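In what follows, a single structure is set out as structure tokens and then discussed.
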Amino acid sequence: MDSPLLFLFVVFVFIKVMEYSITLLNLGHLRRYGHRVPEGFADFVDDATLARMRDYSVDHGRIDLLSSTLDFVVTAVFLFGGVLNWYNSWLTNLGWPFTVTAICFFLFLVYTNFFIQIPFDLYNTFIIEERYGFNRQTLLLWMSDAVKGLLLSTVFASLLLWVAFKIMAVMPLTWWFLLWFFMLLFKVFMLYISPYVIEPLFNKFTLIADKKLEEKIRELLAQAGLTVSRVFTMDASKRSGHGNAYFSGIGHVKRIVLFDTLLEKSSEDEILGILAHEAGHWKKKHILKRLVVMECISFVALYLAWWFMQTDTLTAIFHIEQPTVYVKLLLVGFCGGLAAFPFKPLLSYSSRKDEWEADHFAAELTKNPHALARALARLGRDNLANLHPHPWYIALHYSHPPLSLRVKKLLSE
């Protein structure tokens, strides 16, 4: 292994070791402090519940480590062990049309990852989730979801790849900009159609039966200057006992979706507090700001991808005998992921900052911060959340502040 390739391999290993170390640090931190009841949780958790919370996080952490380790080994062998060169040469030599070959190149990788993850998904669902009383889906339903997800991935990936490589062929100097613009339009389009086309493929949505609660929701959002087309209940209980709520869609198709599991366990004030938090994201334009930031990143990333793909530097480093456009794109994506790793904590911090703002907005809108605090404490208990994550794990992985800190801050307002 020559120096440039060895350097990339060392960087790849270093990042993975760092991720593993922080995960193990987080699990050890939970074992050490998991018996402590955070402020605001005394009415919701006892010693037995805390033990279940700890064990649930540890069990998921272990299987996630195993899954991540297998992913690391497969990626290392594929990229650094010569498999990528063989795979690229074999596929290219089949003589298929360029666009068909390029699409198949990436689809085979998608399918491989899908089948590798099947044992871990099954274990998470039917062993861990079943052990802690969350799983409510049958094997048949799991298989149905998996097939639907794979078919959707195939359709959308094929469409996007076909457009991408057509643009590359027609506009070799400006494809990066045209592709960025097309992807932006596609994302906005998906925000509009997802509530009506994608989401109903997996869940049943019905208008909320509690009209009194619906009226209170509309009145609350009207105070924030927001309107929603409809308020729906989703049959989340057919798959899991976890509860949640979210806003779906964009513009005039924006709507509220409440998990039926959330409605079963939460009071009206708690539900209103949760929705006020979600309204805070819209009112503070967090979603728009995040979209702008991500599109700026995508803009720069695609330009850099175009720049690096003008030469055979990366394919030479990885000893690729036939430097095809699609293998160049894969290598740029891989190296870009390594380069972007140091910025991950910054993006996580920005997301957590938005969550703090949404909590504060909800407290001011409802004039009842304790209701949201109770809702978060109840969700933490019912979902067996980790109430004692390690600060380094938070910095690297948490898009939301820890529940214990959010509840403590809300109780002080």
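The values are calculated or read from the model by the stated rules, or taken from the named source; none is laboratory data. Everything numeric here is computed off the predicted structure, so don't read it as measured data. Positions of Cβ are backbone-derived with ideal geometry, glycine not excepted, and every protein chain shown enters the neighbour counts.
One table, with the values for the structure above:
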item: Evaluation of Ile320 against (1) in a loop (DSSP other than H, G, I, E, B); (2) of a type in the set (A, V, I, L, M); (3) in contact with a His (Cβ under 7 Å, 6 or more places away or on another chain) (one fails), failing number; result: (3)
item: Residue in the stretch 183-199 that is closer than 22 Å to Val327 by Cβ and either in a helix (DSSP H, G or I) or touching a helix residue (DSSP H, G or I) at 6+ places or on another chain (Cβ under 6 Å) (or both) present; result: yes
item: Any hit, the stretch 35-45, residues being without any contact (Cβ under 8 Å) to a residue 24 or more places away in the chain, in a helix (DSSP H, G or I) and of a type in the set (A, V, I, L, M); result: no
item: Every residue from the stretch 76-98 that is over 13 Å from Val327 (Cα atoms) and either touching an Asp or Glu at 6+ places or on another chain (Cβ under 8 Å) or surrounded by 16 or more Cβ atoms within 10 Å (Cβ to Cβ) (or both); result: Phe80
item: Meets criteria (modelled with pLDDT of 95 or more, surrounded by 15 or more Cβ atoms within 10 Å (Cβ to Cβ) and either assigned to a helix (DSSP H, G or I) or out of contact with any Lys or Arg (no Cβ under 9 Å at 6 or more places or on another chain) (or both)) for Leu50; result: no
item: Residue among Leu79, Leu84, Leu91, Leu66 that is closer than 30 Å to Phe126 by Cβ, in a helix (DSSP H, G or I) and not polar (S, T, N, Q); result: Leu66
item: Helices (runs of 4 or more DSSP H) (entirely within the stretch 325-388) containing at least 3 residues that are basic (Lys, Arg) and crowded, with 18+ Cβ neighbours inside 10 Å; result: 369-382
item: Any hit, the stretch 61-75, residues being at pLDDT below 95 and touching a Gly at 6+ places or on another chain (Cβ under 6 Å); result: no
item: From Asp43, Asp55, residue being among the acidic types (Asp, Glu) and either surrounded by fewer than 13 Cβ atoms within 10 Å (Cβ to Cβ) or more than 30 Å from Ile128 (Cβ to Cβ) (or both); result: Asp43
item: Filter pass, Arg136 being more than 25 Å from Gly149 (Cα to Cα), touching a helix residue (DSSP H, G or I) at 6+ places or on another chain (Cβ under 8 Å) and among the charged types (D, E, K, R); result: no
item: Lone qualifier among Tyr111, Tyr123 - being within 26 Å of the chain's Cα centre (by Cα), closer than 27 Å to Leu384 by Cα and in a helix (DSSP H, G or I); result: Tyr123
item: When residues of the stretch 395-413 are limited to those that are buried (at least 20 other Cβ atoms within 10 Å of the Cβ) and either free of Cβ contacts under 8 Å to residues at least 12 places away in the same chain or hydrophobic (A, V, I, L, M, F, W, C) (or both), the one farthest from Leu272 (Cα to Cα); result: Leu403
item: Test: residue in the stretch 153-162 that is of a type outside the set (Gly, Ala, Ser) and in contact with a Phe, Trp or Tyr (Cβ under 8 Å, 6 or more places away or on another chain); result: yes
item: Close pairs (6 angstrom Cβ cut-off, 6 or more residues apart or separate chains): closer than 19 Å to Leu329 by Cα in the stretch 290-308, surrounded by 15 or more Cβ atoms within 10 Å (Cβ to Cβ) and of a type in the set (Val, Ile, Thr) anywhere; result: Ala305/Val332; Phe308/Val332
item: The stretch 126-140: number of residues that are touching a strand residue (DSSP E or B) at 6+ places or on another chain (Cβ under 7 Å), hydrophobic (A, V, I, L, M, F, W, C) and part of a helix (DSSP H, G or I); result: 1
item: Some residue of the stretch 186-194 being among the small types (Gly, Ala, Ser) and under 30 Å from Leu275 (Cα atoms); result: yes
item: Filtered residue count, the stretch 118-145, keeping only those that are surrounded by 14 or more Cβ atoms within 10 Å (Cβ to Cβ) and among the small types (Gly, Ala, Ser); result: 1
item: The stretch 195-220, residues that are surrounded by 13 or more Cβ atoms within 10 Å (Cβ to Cβ) and more than 18 Å from Ala236 (Cα to Cα); result: Leu213, Glu214, Lys216, Ile217, Arg218, Leu220
item: Test: residue in the stretch 155-162 that is surrounded by fewer than 14 Cβ atoms within 10 Å (Cβ to Cβ), under 24 Å from the mean Cα position of the chain (by Cα), farther than 30 Å from Asp260 by Cα and touching a residue at least 12 places away in the same chain (Cβ under 8 Å); result: no
item: Tally, over the stretch 359-398, of residues that are over 17 Å from Leu262 (Cβ atoms) and not basic (Lys, Arg); result: 22
